[in-house]
Structure formats: structure tokens, C-alpha cells
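Below is one structure, written out as C-alpha cells; comments come after it.
Values in this text are rule-based calculations from the coordinates and carry no lab data. Nothing here was measured: the structure is a model prediction, and the numbers come from that model. For neighbour counting, all protein chains shown are included, and Cβ atoms are generated from backbone atoms with ideal geometry for every residue, glycine included.
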Amino acid sequence: MTPTADVRILDERTPEERDRPFLPAMARSWLLPLYDIFTRVSGVGALHERAVELANILPGQAVVDVGCGTGNLSFAVLAARPDARVTGLDPDMDALHRAARKALRRGVSLTLVQGYADRIPAENASLDHVVSSLALHHVDDDGRVAFAHDALRALRPGGKVTVVDFGSPAPDVEDAHQPTHGHGAAHALRHLPRLVRSRVARTPAVARSLGDGIVALLVAAGFPDAREVEHVDHRFGRVTFVQATRP
Ligand SMILES: C[S@@+](CC[C@H](N)C(=O)[O-])C[C@H]1O[C@@H](n2cnc3c(N)ncnc32)[C@H](O)[C@@H]1O
């Protein structure tokens, strides 16, 4: 650990938020220990690295990672910009503890806040970047609208939102409904990505991000230049990179 590494976890939930439900990373809390393995084998790290490249974070800038989970996007930010001031926000304290242990092992400074996407832990106009990866589809409709408005409040003029999540048309939804023929473990493994794609695309939470859901959300909140800057046909579904600038 570097002598200056500073890792802290803050609980910024209001009393009313203490019993508020949320959708955890793997849909079930007890599956969290598998999350990092699952994302490693499924190539999610490349999505994080691309999001960080697109965000183009400058030295010393202030970044909040919304729905940070076990911290992987935050660590991608810190790998590219070790002096960025990064805060991860997530309602899941178990995930935040995992992120904190990883930060300590890596010797990087990271502030972790227990809270929800609709209240970004930052003063008005104080952030350079709001980033988020595979988290918005976990947030309900009201929470997503509130997230977009709060991002506008927390970013300085010229500050940027960079979101990577499932989105845009899901061309494989119908394909994923086609039956697969065959039996056995090898068959199941071969078709696992398609089965996961099918599950992902049919999840109500993901469905609300399809089409131009994230772009429309940001435009409505007051980010007129919100747009998809790139997309990837990931093996678990179509993933969109959306960016917007605070006017
Ligand atoms: C699939 S994980 C993504 C984690 C991480 N961003 C990554 O890319 O590996 C989704 C995360 O969203 C979090 N989440 C669920 N509801 C949320 C909310 N209302 N506000 C913020 N985060 C939320 C979950 O706890 C979970 O950690």
C-alpha cells in the first residue's frame, strides 16, 4: 500500500432509506462472491476500460462512480488516472466492503458511499465526471429520472456523464428465444451466452434501458447533447456507451 492511500466507507443513507430495497449485482445477495469471477470471465473489464477512455478524465479530476458495486469501474479510472479523486456510490454494503478490500490491496485511495443513484454524494457543480457501468438497469424508473437530474446538479458546467449499460435495440432477443438442440454439459456451456442474453434482454430492469432509454433520460433532465457514442455486441447483450455534457 502506498503511504497516502486513503480508503473510507461512509453511510449516507437517510433513516427512510435504510429499509429501501435494491437489486444487487447478481440479483441475489448471496451470489455477490461470484460477481468478480463472473465479470472477469465475461469480459466486462474491457467495457470499463473503454468507458474510461471515452470519459477522458484529466489529472486530479473529481469522479463519482454510480452503482460502483465491487469497484471495478472505479479501479479502471484509477488505473488510467491514479490521481483522480474517485467516489463509488452503491446501496450494497457487502459490495462496498469488497471494493474497500480491493482498494487496500491495490494501494489506491477510494471513497465509498452507501447510498442510491438518485442522491449523488457531491456539492452542487463540484464534479468533473459522473460515470456508471451496468448499474442503471438496476435502478427503478423514478430513481433513474432522479439520477439524471442529480447528475446535472452535481456536475460543473462542462462536466461529463459517461454511462455504459445494456441498451439500444436488442437484435438478439428473438434469436435468443429459439430452442437449442442437444444435451449435456458441453452443449449447455456452448449455449450459455445465448441463454444469458435471453434472460438479460427479458428482464424488466433491462427492458427499460432498451431503445434510446438512457439518452432520452439524460436529454429530459437537461443534457441536450446526450448521445450514444458507441455500442458493443457483448455476448450477454447489446451494450451502449452514452455520454453527455453539463451545459
Ligand atoms: C451489475 S452491478 C454493476 C457494478 C459495477 N458498476 C460494475 O460495472 O461491475 C449493479 C450495481 O448497481 C447497484 N444498485 C442497485 N440499485 C441501485 C441504486 N438505486 N442506486 C445505485 N446503485 C444501485 C447494485 O447494488 C450493484 O452493485
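With Kirkwood's inverse mean 1/r over C-alpha pairs for Rh, give me the Rg to Rh ratio of the range 89-139, two decimals please. Here the Rg-to-Rh quotient is 0.98. Stretching the chain fully between Leu58 and Val229 yields a gain of 59.6 nm (0.36 nm per residue, less the alpha carbon separation).
Projecting label points 7 angstrom from Cα along Cα→Cβ for Asp83 and Thr14 puts them 3.8 nm apart.
Fully extending the segment from Asp141 to Ser29 would add 38.2 nm, taking 0.36 nm per residue of separation and subtracting the current Cα-Cα distance. Hydrodynamic estimate: the Kirkwood radius of the range 1-133 over Cα pairs, inserted into Stokes-Einstein at 4 °C and 1.567 mPa s, corresponds to D of 86 µm²/s. Note on Leu104, Leu96, Leu218: ascending count of other Cβ atoms within 10 Å places them as Leu104, Leu96, Leu218, the fewest first.
The gain in end-to-end length when the Arg105 to Phe22 segment is fully stretched comes to 27.1 nm, 0.36 nm per residue minus the alpha carbon separation. Taking label points 7 Å from Cα along the Cα-to-Cβ direction, Glu49 and Arg156 give a separation of 3.0 nm.
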